[in-house]
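Participant: Let me begin by handing over the structure; questions about it come next.
The values are calculated or read from the model by the stated rules, or taken from the named source; none is laboratory data. This one's a predicted model, so the numbers in the text were calculated from it and none came from an experiment. Don't worry about glycine lacking a Cβ; one is built from the backbone with ideal geometry, like all the others, and counts go over all protein chains shown.
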Amino acid sequence: MARIMAFDYGTKRVGIAVTDPMQIIANGLTTIHPKDILEFLKKYLSTESVGTFVVGEPKQMDGTDSQSAQHVRGFVNLLNKNFPDIPIKMMDERFTSKMASAAILQSGVNKKARQDKGLVDTVSATIILQSYMEKISF
């Protein structure tokens with residue numbers, strides 16, 4: 001079975017999470033700079049099978065696109081162009097950063113680690129992936 005890979009896309013960092021090959025557990029993978037995403041994915045996909053990409057869709061409280069939605073659309077186009085055989089699913093990412101920060105705080109990590117924005121992005125991608133997995137399990 002192929003993994004599912006999720007992205008919390010931002011103009012400064014991209015949080016990435018993946019499932020195990022059986023698609024049971026969502027795990028944070030890494031956070032990288034957007035300019036390095038294609039190189040990273042090509043290398044990752046040369047050794048691992050990914051069947052679906054899940055991209056966090058930035059929305060405002062009223063459900064309309066947020067300001068960063070245009071950047072996410074550009075990222076989705078980049079994925080489609082470079083990996084046309086991997087379907088892309090969009091997942092509402094409202095509140096994932098706040099949920100990630102709360103989860104990190106509850107985990108008991110030290111203050112310096114809690115201030116690592118890359119960690120927040122990776123955990124946010126994991127929350128997006130977990131939400132997607134819950135959605136498709138019904």
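Participant: Can you name every residue in region 18-38 that is surrounded by fewer than 16 Cβ atoms within 10 Å (Cβ to Cβ), in a helix (DSSP H, G or I) and touching a strand residue (DSSP E or B) at 6+ places or on another chain (Cβ under 9 Å)?
Facilitator: Across region 18-38, the qualifying residue is only D36.
Participant: Something else now. State whether the residues of region 85-98 include one that is in a loop (DSSP other than H, G, I, E, B), closer than 25 Å to M1 by Cβ, of a type outside the set (D, E) and at pLDDT 75 or above.
Facilitator: There is at least one residue in region 85-98 that is in a loop (DSSP other than H, G, I, E, B), closer than 25 Å to M1 by Cβ, of a type outside the set (D, E) and at pLDDT 75 or above.
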